[in-house]
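Written out below as structure tokens is the structure these notes cover.
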Protein chains: 2
Amino acid sequence: MTAVERGGPAVSEAPAACCSPLAQPNMSLDDAAVTARLFKALSDPNRVLIVNLLANAGEPVCVCDLNVQLELSQPTVSHHLKKLVEAGLVTREQRGVWADYAVDRSALGRLATVFDVGTVEGRSTT
Amino acid sequence: MTAVERGGPAVSEAPAACCSPLAQPNMSLDDAAVTARLFKALSDPNRVLIVNLLANAGEPVCVCDLNVQLELSQPTVSHHLKKLVEAGLVTREQRGVWADYAVDRSALGRLATVFDVGTVEGRSTT
């Protein structure tokens, strides 16, 4: 970290080369707070795997199938699913004695907005 | 949460309707752990905004420009940038007295893999 970053000259004193125009953010701080909560729910490896499985399934998945696939106990899987449902990343629907889970498409859309994926993919990476 | 989820019958005792075949996850637990660390770095609203700004910029952005855009102090922005660089989401390059920051495209690609975005977008949301 440079001295400049930690309390150097104000922007008005910046060298002529600094700065190029910066685009406005496409989200408000309130939006960012909602999105940050979604990311927080994904800060656990097993929850990442669960969302990955549900996203790939493309249709609601029975909790019993998740237990088998993840090789985790039912209470552990249920704990992670509860966190994901509370965060709004996953939906839950009772189906007889079992519960089905699916990714919430609008929540995934919100996450994609952060990265502006469509634009990013069209740009050179080098 | 149902009684079944909290210690009900084992999968072998499941009703005949349960379960439909579930696709294999497209990531290992180790991969999921790396990805979870990226998500953790994004569990803060200001870091979400910073990544959003950098992704939209499409080119390295001077730290001084981020301060102005985010209306945050330079030390606060530097703190968040440090977290993002440590997580591998953002790259840093010294440019004279300033530092330029950019999103790490491979890290964004890793995040997109979780949601299988290409496939998800082609599916119905209802």
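The table below lists the values:
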{"read-out": "Other protein chain Cβ atoms within 10 Å, averaged over every residue that makes up A:34-47", "value": "6"}
{"read-out": "Inter-chain shielding of A:76-86 (mean C-beta neighbours from other protein chains, 10 Å cut-off)", "value": "1"}
{"read-out": "Copies compared at A:Glu71 - label distances in nm, ascending, label defined 7 Å from Cα in the Cβ direction", "value": "5.1"}
{"read-out": "Buried area at the A-B interface (accessible, heavy atoms, 1.4 Å probe, summed, Å²)", "value": "6300 Å²"}
{"read-out": "Cβ-defined net charge surrounding B:Thr91, 13 Å radius [Lys, Arg +1; Asp, Glu -1]", "value": "-1"}
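The values are calculated or read from the model by the stated rules, or taken from the named source; none is laboratory data. Note that the structure is predicted; figures quoted are calculated from it, not measured. Cβ sites come from the backbone with ideal geometry, for glycine too, and all protein chains shown count toward neighbours. Keep in mind that these areas ignore ligands, DNA and RNA; they rest on the heavy atoms of the full protein, side chains included. Shrake-Rupley method; radii C 1.70, N 1.55, O 1.52, S 1.80 Å.
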